[in-house]
Number of protein chains: 2
Amino acid sequence: MRYFKSDNYGKKLVFGNMIPTHTIEQGNYNEVDAYEVIGNIDVKDGCIIWDIPLRPTDSVYGLGESVRGMNKRGFEYRSFCSDDPNHTPDKQALYGAHNFLIIHGASPVGIYVDFAGEVIFDVDFIKSDFLQIRVSSVDVTFYIFEGSGKEIVKKFRTLIGQSYIPPKWGFGYQQSRWSYETAERVTEIATLFDEYDIPCDAIYLDIDYMERFKDFTIDAKAFPDFEKFVETLYKSGIHLVPIIDAGVKVEPDYEVYEEGIENDYFVKTDEGKPFPAAVWPGKVHFPDFLNPEVESWFGEKYHKLMDLGIEGFWNDMNEPAIFYSEQGLKDAIEFAEQQKGKNLDIYTFFELKDRILNLSNSMTDYKRMYHTYEGKKVNHLDVHNLYGYHMTKAAAKGFESYDSNKRFLMITRASHIGMAKYSGIWTGDNHSWWEHLKLNVQMMPGLNMAGFVYSGADTGGFGGNVSPELLTRWHQFSLFTPLFRNHSAMGTRPQEPWAMDAKTLSLIRDVIRLRYALIPFLYSEFMAAVLENKLLFAPLSFFYSDHYSRSVEDQVMFGDGIMLAPVYTQNARGRMTYCPEDMVLWKAENYESLSKDQLTLLDQGHHYIDLNLSQIPIFIRKNKLIVLVKPKNRVNDLDLAEITVIGFVDTVAEYTLTNDDGFTKAYETLKTKFTVTRKTEGFSIQVDTNDASLGKATFYLIDGDGAVQVTVQEGQDTGISMV
Amino acid sequence: MRYFKSDNYGKKLVFGNMIPTHTIEQGNYNEVDAYEVIGNIDVKDGCIIWDIPLRPTDSVYGLGESVRGMNKRGFEYRSFCSDDPNHTPDKQALYGAHNFLIIHGASPVGIYVDFAGEVIFDVDFIKSDFLQIRVSSVDVTFYIFEGSGKEIVKKFRTLIGQSYIPPKWGFGYQQSRWSYETAERVTEIATLFDEYDIPCDAIYLDIDYMERFKDFTIDAKAFPDFEKFVETLYKSGIHLVPIIDAGVKVEPDYEVYEEGIENDYFVKTDEGKPFPAAVWPGKVHFPDFLNPEVESWFGEKYHKLMDLGIEGFWNDMNEPAIFYSEQGLKDAIEFAEQQKGKNLDIYTFFELKDRILNLSNSMTDYKRMYHTYEGKKVNHLDVHNLYGYHMTKAAAKGFESYDSNKRFLMITRASHIGMAKYSGIWTGDNHSWWEHLKLNVQMMPGLNMAGFVYSGADTGGFGGNVSPELLTRWHQFSLFTPLFRNHSAMGTRPQEPWAMDAKTLSLIRDVIRLRYALIPFLYSEFMAAVLENKLLFAPLSFFYSDHYSRSVEDQVMFGDGIMLAPVYTQNARGRMTYCPEDMVLWKAENYESLSKDQLTLLDQGHHYIDLNLSQIPIFIRKNKLIVLVKPKNRVNDLDLAEITVIGFVDTVAEYTLTNDDGFTKAYETLKTKFTVTRKTEGFSIQVDTNDASLGKATFYLIDGDGAVQVTVQEGQDTGISMV
């Protein structure tokens, strides 16, 4: 093993010659003779096993998209991009492979396992009181970071590159369904948003918009004159976001297939033939995105849809998901045939069942696949976790070559560390379970640590039938996630905002309008998190060191100034909440009803908070401000003509709201700085801005004694003290 | 429709002539002309649909074994006994059909739907703000109860008959595993309990003890000289509890099969032939337990094992679970064959997958099955929910005919209202998920309402791998459930108390020893609940009317004097708890360490309770007592030689501890009454007993001001005031 150190980023431990992931290519690491490694690393039977003792008070954060709590102790996780639509608590792997974690205790340590294949993280589960990292290879690189939780995140995130920034409309409400199957239906959805006066910026097209599920084609019957359709919606402020799947349909004369065959662009069998698998289109081949030539070729295919006016995509099925392979199906059917007429013993019956069930995403198939990577033939299993990453990188390169100064919306399902440079992610096929709303909350900090700041779950849940109450509560949390998309599966209860009942429609409209009122603030916080390599969502213990903060699992810090404590249980009319310091509770209901009565000063400590179904608890830290604007039905229409600032000002509170055009890469061109100072009597307010749209500002200010004062100020850069 | 009233029990609403369930055959109902029915009942398309408006503050309790919270609002449940080993939150039906619920609000109403087929309960889910009951027939009887929650439960439980009482050893710790496959292994398990000094009273035998899964046979190779083996364990105080499955193996010369064929005892096809299904033994027929002759015949088969010394059984697979039917398998294999060599479109592939998957427990198969019930040929679907009930009734009748004054242990998986007279239930194949520990807590009150007082979940979880922490926390809750059984599935991480690590072994041993210390008290509370038709586990709102109590979903009342607030989340070192009145918190750790410091007076209100992994929070109500004895390793060895009373005595607290021989039906023959009266200084204590074993009693008494006093008293019936 070889030892490296970097002045700014920490240590690196290199075993053998790993297949490069190119996730970290900077940091100025210099080789050193040795250094002390925590725990014990063994090389055994071709595997590397790293045992690190955990103290009782250590939390383990990270591992990105994974089940269970923010503190990952108590389970064994598997880093292996998996298309699994049942996110029960025993699922070791979901769609992302995010090998970064932080042991957060007296002296925090961050570890990134730089490896393209499967990695196992036993976090105090089978091996009690230990973190055990198992890599199925003797070629791997570990990065080790030290410092506070925040410092470790900053170092790691700096190394993996600046996280993806979507166009500003990507912060708007996004409506999806598998599927809105015709242009007419999509138009109807768009119209209903306007009729119900609900803000919305995007509608998604799931697989049925394609012609026989062929990437980069349009079903001309369901979507006649697609270009005009896109344009009409675009003019009304609605962006269409079509899906792109990893597998390319095997169909003669289908351009993408023919070019792929011609240029030998597909993932291969051991014999060098295109590997035949089946996904939505039936028989497909998988583009070998790991080959830079394929990356360019596939990336440019996106131009076809961009030429038709499309500005956003979602990449799916790129773990890659395989429903079955030709060989696998043949074997299973043959096995079934052999059982015909037999009086099966029960284990043979189970085998029959398993053979059919295990056709999908089988390790046997993955083992049969080969890539050309770094000029060499590489088995798929050795680079499995890079596949979705490279598909999305291909798309991002395609965007770059189409218009290098424009932002495009991009979310993807499979992901890997390093991919966050190119795309956001949604958290895949969750369910309409209260447990998955909680999981959504708990997953956000880990996703942010892995670089995925632009992220969110399918609001309301993808699988299963949602209840009006769950749909409402889920919206109340997604209010804060950068990606705020309502998506659901075929055959489930429709869950558009109006699909339940009048009461629910009204509640959800209020939430979405509040979202739009908050978008300038959320966007500003998002940009700070991305550009300064911070967490947008963090565990409380990243801010507070007391032992309660360490164990809180159902509250998160948002940005620098807010704590969220969402309601995530059925029939609840309130919840217990821990305030790590004195905080102002804003029981938000909707933009219009904001009043002094919704603001209360809470002491440090535990509190039961009564919350009707309409109430969203937002906790403001001391000397912090929140900014709201008047909501509009499109992100583009938002401005600072009428703003509201809510502040908990004990001494001085400053906040700089940043803004920009929302679609080019010139970030944070507009800045509005608010400074509120508590005086013996009341407050003084200073606003400095280069944003010409700033009009009237109303301040709701609470001082450390809980007194609330409402002040209105007109114009900008006035520097006028409160009247 | 016809209207009936009973002076003592309420109303009855009769539609047509339902297939009788014989669950209620008393109550002195008299026909009346009409009465006002809440909500609206429609007869439409051969179905009865009853819509009952729910007020925002109404809770809906009941529905026995079902997913989700104690308050059932927000989901649609299906009453249809189902073998489903994945209790995710979207499962509408589990193993039991428990058509009893209470709308608990300003004027509570209880409803029992007396019907043997499928019933749907939409509780404020698809139909917002309504309870909708849908019966797929025009022949059904509804019972309607009024009064307080407790009164409604008492009326209903009185009508359905006194709940099952197990032998007292059924309150001991019970160890199970699918499977301990040999006598040697079972003996080793028994020995390990003694070696580790962990109390235990029973070890379960799962399906592998049988010869080729044939009911009432023993695998002579794995269990040579079964009778002697049973006797040896019995002498050491360990009861063996073998499993009995519903399906009878089709095997020439197998007595049960041959007799069933000979006497035409099996469930039939439409053509009158024994219905061929496959379960564990491969091909089976199902005894038609609904036929009284079959009931007697099958019940007496249990004698075979009782003759070998067995005193307890568990009935399984009696929904009935069907892995596949001959016809179903044939159809599926043929469908698979037809796809051979074809380039499947994806929907055909899904159909292939579904055909294989849906072979198990298919409605098509159930529809093909026929019973002889009440002398008529009845389709299975019309009496589906009675099947497991009647299997277990058969067993109970068998016990009765074997020894009518002896209690036998009996738990069953499938169940129905009315069955609680004959048996307890375990809650089926749960998982090692924290969510299922919570579900266990939330399910107990509903099970009790349906009459199942002797019940509990598989402690530690049946499916999946348990973590040491979850295993510990689950034991800490099961400490209170009458059935306290650790059971897990083949292929999962072993979860016997010693299977984790030394720390966990020690923690679990402490919990089990505490269980044994509490058994006299738990048994006394259990007997009161059964004999007085009360809940052993109740929602807080059955005791307190404030709005917080109404919405608490993770705390339960136990008996009359205790509130439980178990820890059910990963990595928690405490939890929020609501005290509806001033309560004494006992942070129990183990029997030996009991001290004044573990007792704290808490004010009415919300509290955060710090709880290490070793601490079990037990809340004692005002003027209530808990009694402990010195733990032993077998229930039989427990006596009152050394008892400890913990009491929260503001004015006067009385508690009568009842006891009996534990195995005959002479209940509550022994009574020990404790009376503690608070005096100006300290307390006076009176103990009256007819239990000769009563020796030294130590009292930990806390007054309403929180002062704790420890007093020791020797002997019985002393009437001596505290020294």
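The values are calculated or read from the model by the stated rules, or taken from the named source; none is laboratory data. Quantities reported herein were computed from a predicted structural model and do not represent experimental measurements. Note that we place each Cβ from the backbone using ideal geometry, even for glycine, and neighbour counts take in every protein chain shown. Heavy atoms of the whole protein, side chains included, go into the accessibility calculation; ligands, DNA and RNA do not. Shrake-Rupley method; radii C 1.70, N 1.55, O 1.52, S 1.80 Å.
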ask   = Do we find that A:Ala538 is surrounded by 19 or more Cβ atoms within 10 Å (Cβ to Cβ), closer than 30 Å to B:Lys438 by Cα and either within 13 Å of another protein chain (Cβ to nearest Cβ) or not charged (D, E, K, R) (or both) in this structure?
value = yes
inquiry  = Give me the residue from region B:93-115 that is part of a loop (DSSP other than H, G, I, E, B), under 22 Å from B:Gly451 (Cβ atoms) and in contact with a strand residue (DSSP E or B) (Cβ under 8 Å, 6 or more places away or on another chain) and, out of that set, farthest from the other protein chains (Cβ to nearest Cβ).
reply    = B:Phe115
ask   = Of all residues in region B:166-195, how many are among the hydrophobic types (A, V, I, L, M, F, W, C) and open to solvent by 20 Å² or more (accessible area, probe 1.4 Å)?
value = 3
inquiry  = Would you confirm whether or not region A:196-204 contains a residue that is open to solvent by less than 10 Å² (accessible area, probe 1.4 Å), part of a strand (DSSP E or B) and over 23 Å from A:Gly460 (Cα atoms)?
reply    = no
inquiry  = For region A:391-430, give me each residue that is in a helix (DSSP H, G or I), out of contact with any helix residue (DSSP H, G or I) (no Cβ under 6 Å at 6 or more places or on another chain) and among the hydrophobic types (A, V, I, L, M, F, W, C).
reply    = A:Met391, A:Ala396, A:Phe399, A:Ala420
inquiry  = Looking at region B:18-42, I want the residues that are loosely packed, with under 15 Cβ neighbours inside 10 Å and have a partner that is among the aromatic types (Phe, Trp, Tyr) with Cβ atoms under 7 Å, at least 6 apart or on another chain. Which pairs are those?
reply    = B:Asn30/B:Phe4; B:Glu31/B:Tyr3; B:Glu31/B:Phe4; B:Val32/B:Tyr3; B:Val32/B:Phe4; B:Asp33/B:Tyr3; B:Ala34/B:Tyr3; B:Tyr35/B:Tyr3
message = Looking only at residues that are of a type in the set (Phe, Trp, Tyr) and under 24 Å from the mean Cα position of the chain (by Cα) in region A:541-581, which one is surrounded by the most Cβ atoms within 10 Å (Cβ to Cβ)?
response = A:Phe542
task = Would you please list the contacts, defined by Cβ atoms under 8 Å and residues six or more apart or on different chains, that run from a residue in region A:139-151 that is under 15 Å from A:Glu532 (Cβ atoms) and open to solvent by 50 Å² or more (accessible area, probe 1.4 Å) to a residue that is aliphatic (A, V, I, L, M) and part of a loop (DSSP other than H, G, I, E, B)?
result = A:Lys150/A:Leu535
Positions within region A:87-121 being touching a residue at least 60 places away in the same chain (Cβ under 8 Å) and within 17 Å of A:Cys47 (Cβ to Cβ), in sequence order = A:Asn99, A:Asp114, A:Phe115, A:Ala116, A:Gly117, A:Glu118
task = Please work out which residue is most open to solvent (accessible area, probe 1.4 Å), limiting yourself to region A:585-619 and to residues that are within 14 Å of chain B (Cβ to nearest Cβ) and acidic (Asp, Glu).
result = A:Asp603
query = Residues in region B:213-225: is at least one open to solvent by less than 10 Å² (accessible area, probe 1.4 Å) and more than 29 Å from B:His380 (Cβ to Cβ)?
reply = yes
message = Whether any residue in region B:472-483 is more than 19 Å from B:Val556 (Cα to Cα), in contact (Cβ under 8 Å) with a residue 24 or more places away in the chain and open to solvent by 10 Å² or more (accessible area, probe 1.4 Å) is what I want to check.
response = no
inquiry  = Condition first: open to solvent by less than 10 Å² (accessible area, probe 1.4 Å) and either under 22 Å from A:Thr412 (Cα atoms) or in a helix (DSSP H, G or I) (or both). Now tell me which residues in region A:330-363 satisfy that.
reply    = A:Ala332, A:Ile333, A:Ala336, A:Ile346, A:Phe349, A:Leu352, A:Ile356
remark   = The residue from B:Glu374, B:Glu351 that alone is outside the structural domain of B:Asp139 (by TED's automatic domain parsing) and within 30 Å of B:Phe100 (Cβ to Cβ) is B:Glu374
query = Do we find that B:Gly64 is assigned to a loop (DSSP other than H, G, I, E, B) and at positive phi in this structure?
reply = yes
message = Taking the conditions exactly as written (at pLDDT 95 or above and touching a Ser or Thr at 6+ places or on another chain (Cβ under 9 Å)), does A:Lys376 satisfy them or not?
response = no
query = Is it true that some residue in region B:654-665 is of a type outside the set (D, E, K, R), open to solvent by 60 Å² or more (accessible area, probe 1.4 Å), out of contact with any Ser or Thr (no Cβ under 9 Å at 6 or more places or on another chain) and not in a loop (DSSP other than H, G, I, E, B)?
reply = no
task = Find all pairs meeting these conditions: Cβ atoms under 7 angstrom apart; at least six residues apart or on different chains; first residue within region A:286-309 and on the phi > 0 side of the Ramachandran plot and in a helix (DSSP H, G or I); second residue β-branched (Val, Ile, Thr) and modelled with pLDDT under 95.
result = none
query = For region B:236-284, what are the residues that are in a strand (DSSP E or B) and either open to solvent by 10 Å² or more (accessible area, probe 1.4 Å) or outside the structural domain of B:Thr217 (by TED's automatic domain parsing) (or both)?
reply = B:His239, B:Lys249, B:Lys268, B:Pro274, B:Lys283
